[in-house]
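Below is one structure, written out as C-alpha cells; the observations come after it.
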Amino acid sequence: MILPAKSYAQRDGYVLIAVLLVIVVLSLSAYQFADSMSAEYRVAYRSMEAAQAKAHAISGVHYAAAALADPNTMANVLGNNPYDNDQAFSNVTIGSSDGARKGGRFALLNITDNGDASTEKFTRKYGVTDEGGKISLNAMMRIDSSGESLHAMLTLLPNMTEELADAIVDWLDDDEDQRASGAEAGAYTEYKPKNGPLSTIDELLLVRGVTPELLYGNDRNRNGIPDPGESNGGDFSRGWSDYLTVYGRELYVDSTGAPRYYVNGTTLAEVNQKIAEAVGQAIADYAIAYRLYTVSSTLIPMPSKTVKGGPAELNAAVQQSLKSSGKAKRTIANSLLTLVNTRVTLPRAPGALPNAPSVIIDSPLNSPEYLKTILPMLLDKLTCKNGYEFNPRINVNTAPQPLLAVLPGVTPEDAAAAVAARANLSPGTAEYATGSWLVTQAGMRPDIFRQIERYITGYTQTYRVQSIGYFGRGGPVARVEAVIDINGGKPRIVYFRDLTELGLGFAPPRQ
C-alpha cells in the first residue's frame, strides 16, 4: 500500500534575512570598532613619538648644561667655542640608532646677528647663545639706580624712542617719580609698574607702548629666517630680545677660574706681595705708593723743586713705609685704570735737607705701550672690588655689533673695528677673559675703555639654548628653549619654554 506524501506548510525566509542583517550590522560595527582602535593606536603612537621628540629636545638642554659646566669639556671637546660647533651640537644620537626611526636625535642651534657685515641679517649655527652678550636690565639698574645709564643704552637700540626708554626705566626703578616721557602708576589702569627687577623679558610687554613686534620682531617662529608672511613689508628683525635679558651672573675669577686678588686690602705688605706675584714688582710698588702717598695728575705740570725718580727709589720708599706700618690714605676706586696718568710724591727720606727737591714717580701705566702689554694680566688677576659676584656685565666677546655701539663713548666705527678684531681672538686667554683686547687688538683708546669698563666683561656663565628633538628617519619634531646658569660646575636651568607650537622652524640635520 502506498502512503500519501506528507505535506509541509510553506514558510517565508524572514528569519534568515534578519539573521543576515544582524551579521552585517555586527560586522560593520566590528569593522568600525577595529578602525577606531587602529586610529586610536595611531594617535597614541604619534603622541608617544611627539613626547619622545620633546624628551630628545630636553636631552639636548641637559647635554648642553653638562658640557658647558665642565671646564675640561669646554676646553678639550668644545675647544672653548660652544657658539659654532657642528661636531658637538649637530645631529647628536641618543642611545641606539637601530629601529624604524633610526633612534632619537637632537641638535642645538643659535641665531647670530650679523649686523651690517652681511647681506644675510642672521646666521644659523650649531651651538648655544651667550646670554651674557646682552644688556642685563636688572643688573644695569643695580649698577646705576638712577636709570640714566640704562636709559642712555636703550635709546640707541633699533626702534627705540625716548618715550619707550623712559617707560621701561620707570617700570624698573624703585620709585614713583615719573621720568620726563615715562609712565608710572597713573599711566596704567589694570596694573601698576613693578618698580623692581623683572623675572622674565616678557614682562616688558606690560610696559606702556611695548608691543610683541618691538620685543620679538617679526621672526614669529624664532628661527632667524624670514619665512612667508613674517616680513610684513618691513625689515626682518628679531626685536629687542636679541639685545636685552634679565639673566646673568659674573664671578670674581680670572681666566683660569681662580679668584682675583683684591688690591684694596688693609694688610699692605701682603697686598704688595700678591700684586708683585700677579703682575710684577713695578705695579705692586706703585699701587701701594698710590694708596699711601700724595697723588697728582700728569695732566698738570710738575711742581717746582721736584725731580723724577725711578723704580729703585720707589721700591725703597715703599718697603720703608711697609716696615713702619703705614696706613693707607685711599683705595684704588672702581678701576685699576685709575692709576693711569697719575704720579706720586715720595715722602722725604730720613735726614734729607729741608730744601732738597721732592721725588716724583710716574705710574708705569702712563706708558701706552706698557699699558697694552700689562693690561690683560692686570684686569685678569686683580680687582678693586671685594666680593664673590659682580653685577653681570655685557660680554664684548659675543655681543652683537649694534649692542657694542650703545656703550658710552663707543662710535659705530669702534664697534665695527671690535667685531673685526674679535674674529682673531683666542678663547681662554687673559685678553679674552677681560675684554682688554678692545685696547690691545681693536685699537680702542684707554680712556674710552675706562669709560665703559664698568659695563663690559669677557666672562660669561649664562647661556641660552634652542634644542631641536627629532628622529633619525621621519617622525615628529619638537623645539624647546632654555637658559642655563653653569653655576660653578653645578648647572641650573633658570628658564624653560616649549617652542614646538611655533612650528618646525628648522629642518632637522638628519644623516
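The values are calculated or read from the model by the stated rules, or taken from the named source; none is laboratory data. All of these numbers come straight from a predicted model, not from anything done at the bench. So basically every Cβ, Gly included, is an ideal-geometry build from the backbone, and we count neighbours across all protein chains shown.
Give the residues of the stretch 168-198 that are within 18 Å of Asp144 (Cβ to Cβ) and assigned to a helix (DSSP H, G or I), sorted by residue number.
Once the filter is applied, which keeps residues that are within 18 Å of Asp144 (Cβ to Cβ) and assigned to a helix (DSSP H, G or I), the stretch 168-198 yields Ile168, Val169, Asp170, Trp171, Leu172.
Regarding Lys308, is this residue under 29 Å from Arg450 (Cβ atoms), at pLDDT 90 or above, surrounded by fewer than 17 Cβ atoms within 10 Å (Cβ to Cβ) and not polar (S, T, N, Q)?
On the way: under 29 Å from Arg450 (Cβ atoms): yes; at pLDDT 90 or above: yes; surrounded by fewer than 17 Cβ atoms within 10 Å (Cβ to Cβ): yes; not polar (S, T, N, Q): yes.
It is true that Lys308 is under 29 Å from Arg450 (Cβ atoms), at pLDDT 90 or above, surrounded by fewer than 17 Cβ atoms within 10 Å (Cβ to Cβ) and not polar (S, T, N, Q).
Residue check, Gly127 against (1) touching a helix residue (DSSP H, G or I) at 6+ places or on another chain (Cβ under 7 Å); (2) surrounded by fewer than 20 Cβ atoms within 10 Å (Cβ to Cβ), all met but one. Which one?
(2)
Limited to the stretch 431-465, what total is found for residues that are over 19 Å from the mean Cα position of the chain (by Cα) and among the aliphatic types (A, V, I, L, M)?
Here the count works out to 4.
Filter the helices (runs of 4 or more DSSP H) completely within the stretch 199-294 down to those with at least 2 residues that are over 30 Å from Val359 (Cβ atoms) and either at pLDDT below 95 or β-branched (Val, Ile, Thr) (or both). Show your work before the answer.
Working: elements: 212-216, 268-279, 281-292.
By residue number, 212-216.
Are any residues in the stretch 74-98 in contact with a helix residue (DSSP H, G or I) (Cβ under 8 Å, 6 or more places away or on another chain), in contact (Cβ under 8 Å) with a residue 24 or more places away in the chain, part of a loop (DSSP other than H, G, I, E, B) and at negative phi, and if so, which ones?
Pro82
I'm trying to understand the selection: among the residues of the stretch 245-264, which are over 19 Å from Ser436 (Cβ atoms) and basic (Lys, Arg)?
Arg249
Looking at Gly387, Gly428, can you tell me which residue is among the small types (Gly, Ala, Ser), within 28 Å of Ala75 (Cβ to Cβ), modelled with pLDDT under 90 and in contact with a strand residue (DSSP E or B) (Cβ under 9 Å, 6 or more places away or on another chain)?
Values: Gly428 fails: in contact with a strand residue (DSSP E or B) (Cβ under 9 Å, 6 or more places away or on another chain).
Sole residue among the options that is among the small types (Gly, Ala, Ser), within 28 Å of Ala75 (Cβ to Cβ), modelled with pLDDT under 90 and in contact with a strand residue (DSSP E or B) (Cβ under 9 Å, 6 or more places away or on another chain): Gly387.
When you look at Tyr495, is it crowded, with 23+ Cβ neighbours inside 10 Å and within 18 Å of the chain's Cα centre (by Cα), yes or no?
Values: crowded, with 23+ Cβ neighbours inside 10 Å: no; within 18 Å of the chain's Cα centre (by Cα): yes.
No; evaluated as a whole, the condition is false for this residue.
Yes or no, residue by residue, for (1) within 19 Å of Tyr83 (Cβ to Cβ); (2) of a type outside the set (D, E, K, R):
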{"position": "Ser426", "(1), (2)": "yes, yes"}
{"position": "Arg445", "(1), (2)": "no, no"}
{"position": "Arg464", "(1), (2)": "yes, no"}
{"position": "Arg473", "(1), (2)": "no, no"}
{"position": "Glu481", "(1), (2)": "yes, no"}
{"position": "Gly503", "(1), (2)": "no, yes"}
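Residues that are more than 16 Å from Gly435 (Cβ to Cβ), at least 2 per element: which helices (runs of 4 or more DSSP H) completely within the stretch 307-405 meet that? Even if it seems obvious, please write down each step before you answer.
Values: elements: 311-323, 368-381, 401-404.
Of the helices (runs of 4 or more DSSP H) lying wholly inside the stretch 307-405, those with at least 2 residues that are more than 16 Å from Gly435 (Cβ to Cβ) span 311-323, 368-381.
Across the stretch 130-165, which residue is surrounded by the most Cβ atoms within 10 Å (Cβ to Cβ) among those that are farther than 30 Å from Asn487 by Cα and out of contact with any helix residue (DSSP H, G or I) (no Cβ under 7 Å at 6 or more places or on another chain)?
Restricting to residues being farther than 30 Å from Asn487 by Cα and out of contact with any helix residue (DSSP H, G or I) (no Cβ under 7 Å at 6 or more places or on another chain), the top hit is Leu164.
Return the pair list, or none, for Cβ contacts closer than 8 Å from residues in the stretch 428-451 that are without any contact (Cβ under 8 Å) to a residue 40 or more places away in the chain and within 21 Å of Thr342 (Cα to Cα) to residues that are assigned to a helix (DSSP H, G or I) and of a type in the set (Val, Ile, Thr), at least 6 apart or on different chains.
The qualifying pairs are Arg445/Val439.
If a residue must be surrounded by fewer than 22 Cβ atoms within 10 Å (Cβ to Cβ) and at negative phi, how many such residues does the stretch 465-476 contain? Reasoning before the result, please.
Residues of the stretch 465-476 that are surrounded by fewer than 22 Cβ atoms within 10 Å (Cβ to Cβ), as a first pass: 472-476.
Going one step further and asking which of them are at negative phi, we end up with 472-473, 476.
Qualifying residue count for the region: 3.
In the stretch 164-192, which residues are closer than 21 Å to Gly239 by Cβ and under 27 Å from the mean Cα position of the chain (by Cα)?
The answer is Leu164, Ala165, Asp166, Ala167, Ile168, Val169, Asp170, Trp171, Leu172.
Return a yes/no flag: does the stretch 140-147 have any residue that is without any contact (Cβ under 8 Å) to a residue 24 or more places away in the chain and in contact with a Pro (Cβ under 9 Å, 6 or more places away or on another chain).
No: the stretch 140-147 contains no residue that is without any contact (Cβ under 8 Å) to a residue 24 or more places away in the chain and in contact with a Pro (Cβ under 9 Å, 6 or more places away or on another chain).
Just one of (1) buried (at least 18 other Cβ atoms within 10 Å of the Cβ); (2) within 20 Å of the chain's Cα centre (by Cα); (3) more than 18 Å from Gly127 (Cβ to Cβ) trips up Ile486, so point out which.
Checking Ile486 against (1) buried (at least 18 other Cβ atoms within 10 Å of the Cβ); (2) within 20 Å of the chain's Cα centre (by Cα); (3) more than 18 Å from Gly127 (Cβ to Cβ), the one that fails is (3).
For Pro402, only one of the following conditions fails: (1) modelled with pLDDT of 90 or more; (2) in contact with a strand residue (DSSP E or B) (Cβ under 8 Å, 6 or more places away or on another chain); (3) closer than 30 Å to Lys372 by Cβ. What is its number?
(1)
Taking only the stretch 193-228 into account, find how many residues are more than 23 Å from the chain's Cα centre (by Cα) and under 22 Å from Ile468 (Cβ atoms).
Number of matching residues: 3.
Please go through the stretch 142-179 and pick out each residue that is aliphatic (A, V, I, L, M) and over 26 Å from Thr411 (Cβ atoms).
As a first pass, look at the stretch 142-179 and keep what is aliphatic (A, V, I, L, M): 143, 150, 152-154, 156-157, 160, 164-165, 167-169, 172.
Ala167, Leu172 - these are the residues of the stretch 142-179 that are aliphatic (A, V, I, L, M) and over 26 Å from Thr411 (Cβ atoms).
Quick grid of which residues meet (1) out of contact with any Lys or Arg (no Cβ under 7 Å at 6 or more places or on another chain); (2) loosely packed, with under 13 Cβ neighbours inside 10 Å; (3) acidic (Asp, Glu):
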site	(1), (2), (3)
Met302	yes, no, no
Leu314	yes, no, no
Val318	yes, no, no
Arg330	no, yes, no
Leu346	yes, no, no
Pro354	yes, yes, no
